[in-house]
Amino acid sequence: MLRIDQLKADVENKQILKGLSLEVKPGEVHAIMGPNGSGKSTLASILAGRDAYEITGGSVDFDGQDLLEMAPDERAHAGLFLAFQYPVEIPGVSNAYFLRQALNSVRKARGEAELDSLQFMNFIKEKIKMLELDQTMLQRSVNEGFSGGEKKRNEIFQMAVLEPKLCILDETDSGLDIDALKTVADGVNALRSPERSFVVITHYQRLLNYIVPDFVHILMEGRIVRSGGRELALELEEKGYGWIEEELATGGRA
Amino acid sequence: MATSLKSNSAPLAGLEFDPSACGVLTAVRAEAYQAFLDRGVPTTKDEEYKYTPVTDLADRYFVQGGPVPVPESAITEWIYGDLDQIRIVFVNGHFSEELTTSLRGVEGLEIRTLSCALGGRQEIIEDLFGKLVKPQQFPFAGLNTGTFKEGTYIRISANTKIEKPIHILNIATADANGATQYVAPRTLVVVEGGADATLIETFATYGDGPSFTNAVTEIHIEPNGHLQLVKVQQEGLKSHHIANTEVHQAPDSAFNHYSVTFGGKLTRNDLNVFLDGQNIHTRMDGIVVIDGEQLADNHTRLDHAYANCNSFEVYKHVLGGESTGVFNGKIFVHQDAQKTDAKQTNNTILLSGKATMNSKPQLEIFADDVKCTHGATVGYLDRDPVFYMQARGIPKAQAEALMVYAFAAEVLEKITVPGLVESLEAMLFAKLNVQ
Ligand SMILES: Nc1ncnc2c1ncn2[C@@H]1O[C@H](COP(=O)(O)OP(=O)(O)OP(=O)(O)O)[C@@H](O)[C@H]1O
Ligand SMILES: [Mg+2]
């Protein structure tokens with residue numbers, strides 16, 4: 001589904017991604033962990049199509065298409081979804097209006113009929129409940145005045161509505177209380193299917209108790225430096241990143 | 001009577017003052033027209049026209065065409081679909097009976113053409129007509145006074161609320177020979193004590209020819225009267241539009257004005273409101289969405305003459321292409337106007353690096369116990385929300401339009417005519433090339 005090959009990217013002439021490779025197959029859940037500033041959000045943003053980065057090498061293939069050539073909205077139409085680490089506020093645009101526009105754009109691209117407001121409300125009813133969101137948030141401006149946790153739940157709600165193929169979650173667990181974490185994880189798990197893949201960026205192994213990954217990768221200094229199964233996350237939780245840095249420095253196993 | 005004019009060489013070719021058609025108004029019309037002749041067409045050396053070049057009007061040839069037929073199907077957009085309204089329509093300055101709705105039978109509302117009113121209510125017209133215009137200061141108002149062919153007289157009786165909006169639609173058509181179509185809409189409104197109404201003024205063009213609309217609207221709001229005025233400038237891109245709206249507010253009255261400018265090659269609005277008493281509320285808001293080589297200039301003036309009044313003013317501009325926005329907001333707080341609360345805001349979004357905004361607040365305060373604030377911002381569209389919307393599948397142009405819509409909505413959503421707001425929003429999206 002997604003194949004990232006030796007991706008290199010700069011921000012303001014500073015290299016952030018230094019040859020990153022990752023392959024995600026349909027139905028798989030990949031977790032990416034790594035220290036602050038290692039490039040996790042940069043990777044997510046580049047995949048979603050933010051234009052603040054200069055790609056200096058490598059390629060990204062998404063379902064046979066050159067992802068880097070596509071506009072952000074085309075990527076969304078093709079089934080890519082990024083749950084933002086910092087969801088953006090849009091004063092003056094209601095959630096309901098925004099999300100219906102988004103859904104109809106995606107449906108149009110998929111060759112499906114657009115939904116009028118009534119059909120839309122029916123379509124989202126269950127999903128709002130699932131994420132335990134308050135109905136009134138639909139009339140409020142997108143993310144404006146939302147608490148940190150509400151913003152994160154809203155991201156997963158949008159994901160549930162847009163039904164993407166590849167979901168990238170950038171620290172969706174940060175700032176969530178324990179109950180909200182469970183709600184969000186349930187929301188994600190409800191979407192798991194043999195065709196749908198997830199890339200979950202997190203600092204905490206705890207999330208991975210709820211969203212059980214098939215693979216865990218460690219991103220450091222712009223590269224995936226280690227990949228493994230669930231146990232890698234547990235090892236990190238116990239030992240931190242220092243041991244990997246040491247191993248890398250001494251040329252140990254990479 | 002000063003019916004003979006000092007100068008006969010009209011500065012605008014094709015436009016002349018015809019005293020024989022003016023009846024009882026001959027003197028006042030002649031005087032105003034003379035003021036225009038004395039002053040001539042302003043140049044950009046004139047501080048009030050610094051960013052708004054109108055001198056090319058002097059090189060045109062003008063015609064005041066007849067009431068050519070405009071099909072009903074053409075006006076759907078300008079009458080806001082099926083918005084329930086009391087509508088009076090003028091084509092090239094002539095009353096159009098076909099496009100006008102019934103003007104009779106609404107309790108408390110008198111609405112007639114000026115010429116008709118002059119027949120029956122001569123003294124009243126004579127008393128009020130031209131009393132608010134200042135042709136020495138606003139030369140085009142002098143030109144209008146000398147050259148208008150027809151107009152509208154509206155009176156709302158004391159303590160009556162007119163539920164349906166009253167709509168004056170002015171259409172200029174393209175001249176067959178390519179001359180500039182000149183129309184001089186003239187409106188006189190009296191809102192009697194305790195009355196309440198909404199007036200919509202729409203300006204539009206039919207056909208693709210140059211035109212020059214030179215409008216004057218005089219409004220008297222008597223004690224405790226309420227008027228909402230929505231002005232919509234939807235003329236074509238070959239149109240010059242110069243308008244002077246003069247409002248006199250008596251104590252305890254309320255005036256809410258919303259100016260919407262999408263059309264026109266050059267639009268210049270002079271809106272002057274005199275708060276002549278205590279406990280007056282005034283709102284004057286504007287939204288300008290233009291692109292290409294369009295220019296829109298809003299000059300406003302508020303005179304707080306007495307204590308305990310408040311005024312709010314929000315003008316918003318969205319400027320694309322190489323367009324130019326001009327805003328000049330004068331607020332005079334006179335010596336006796338203690339406890340005045342006046343707030344002026346001017347916000348601009350530039351959609352292109354080649355668009356320019358010239359904004360000048362001008363507060364002159366002669367009272368000491370007042371609250372007066374003003375603020376102006378100019379900036380580009382915020383990128384983060386646009387990217388966020390794109391990441392959810394909304395195409396870029398549509399995302400930008402949504403941002404502009406949200407920006408404009410602050411003004412549009414204050415209009416209390418529901419169907420009208422939706423129509424204006426649809427026009428806005430059309431202007432931004434998205435549905
Ligand atoms: N627009 C930008 N301008 C300058 N530097 C940037 C920009 N975006 C990212 N960076 C830098 O790139 C590096 C990687 O940032 P990124 O946000 O990808 O880290 P991260 O792994 O997501 O960190 P965290 O765990 O704290 O979220 C950081 O050093 C950051 O300062
Ligand atoms: Mg990050």
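The values are calculated or read from the model by the stated rules, or taken from the named source; none is laboratory data. Quick caveat, the model's predicted, so the values are computed rather than measured. All Cβ positions, glycine included, derive from the backbone under ideal geometry; neighbour counts span all protein chains shown. All accessible areas refer to the heavy atoms of the entire protein, side chains included, with ligands and DNA or RNA removed. Shrake-Rupley method; radii C 1.70, N 1.55, O 1.52, S 1.80 Å.
Before moving on, here are some points about what is shown:
- Helix A:230-239 vs. chain A, principal-axis angle (Cα, 0 to 90°, nearest 10): 70
- Calculated log₁₀ intensity ratio I(q)/I(0) where the Debye formula runs over C-alpha points of the range B:333-397, q = 0.15, 0.17 Å⁻¹: -0.66, -0.73
- Extension gain, B:THR55 back to B:PHE366 (0.36 nm per residue minus Cα-Cα distance, nm): 108.4 nm
- Listed residues B:ALA367, B:THR377, B:ALA184: farthest to the positive end of the dipole of chain B (Cβ charges): B:THR377
- When the Cα gyration tensor is reduced to axis lengths a ≥ b ≥ c, the ratio a/c stays below 1.5 for chain B, which is therefore classed as rounded.
- Rounded FRET efficiency, nearest 0.05, which uses the C-beta distance separating B:GLU410 from B:GLU293 and R0 of 30 Å: 0.65
- Mean shadow area of the range A:182-231 over all directions, Cα convex hull, nm²: 4.0
- Summed buried accessible area for B+A [probe radius 1.4 Å, Å², rounded to 100]: 1800
- Rounded to 10°, Cα long-axis angle of helix A:178-191 versus longest principal axis of chain A: 80
- Each label was represented as a point 7 Å from its Cα along the Cα-to-Cβ direction; for A:GLN139 and B:ASP18 these points are 5.7 nm apart.
- Here the calculated FRET efficiency for A:ASN36 and A:ASP177, from their Cβ-Cβ distance with R0 = 22 Å, stands at 0.50, rounded to the nearest 0.05.
- Furthest towards positive pole of dipole, B:ALA409, B:LEU432, B:GLY393, structure part the range B:385-435, Cβ charges: B:GLY393
- Extension gain from A:GLU23 to A:GLU114, taking 0.36 nm per residue of separation minus the Cα-Cα distance: 29.4 nm
- Rg over Rh for the range B:34-129 works out to 1.08, using Cα positions for both radii and the Kirkwood form for Rh.
- For chain A, the per residue solvent-accessible surface stands at 44 Å², with DNA, RNA and ligands left out and a 1.4 Å probe.
- For the set B:LYS50/B:LYS354; A:LYS129/B:LYS414; A:LYS108/B:LYS354; A:LYS125/A:LYS182; B:LYS131/B:LYS231, the pairs lying more than 24 angstrom apart at their alpha carbons are A:LYS129/B:LYS414; A:LYS108/B:LYS354.
- Evaluated at q = 0.06, 0.07, 0.11, 0.12 Å⁻¹, the base-10 log of the normalised Debye intensity for the protein assembly as shown, with identical point scatterers placed on the Cα atoms, takes the values -0.46, -0.60, -1.05, -1.18.
- Were the residues from B:GLN335 through B:ASP384 laid out at 0.36 nm apart, the gain over their Cα-Cα distance would be 12.9 nm.
- Qualifying aspartates and glutamates (Cα of each under 12 Å from Cα of A:LYS165; at least 8 residues distant if same chain): A:GLU28, A:ASP63, A:GLU195
- Stokes-Einstein, applied to the Kirkwood radius of chain A over Cα pairs at a viscosity of 1.002 mPa s and 20 °C, places its translational diffusion at 113 µm² s⁻¹.
- Charges were assigned to the Cβ only: +1 to each Lys and Arg, -1 to each Asp and Glu. The resulting dipole of the range B:161-213 about its Cα centre is roughly 60 debye.
- Cα gyration tensor, the range B:84-189 - rounded (a/c under 1.5), prolate or oblate: oblate
- Accessible surface of chain B, 1.4 Å probe, proportion on carbon and sulfur as whole %: 49
- With the simple model of a label 7 Å out from the Cα in the direction of the Cβ, A:GLU245 to A:GLU12 spans 2.3 nm.
- A crude spin-label estimate for the pair B:ALA376 and B:ARG104, with each label 7 Å from Cα along the Cβ direction, gives 5.2 nm.
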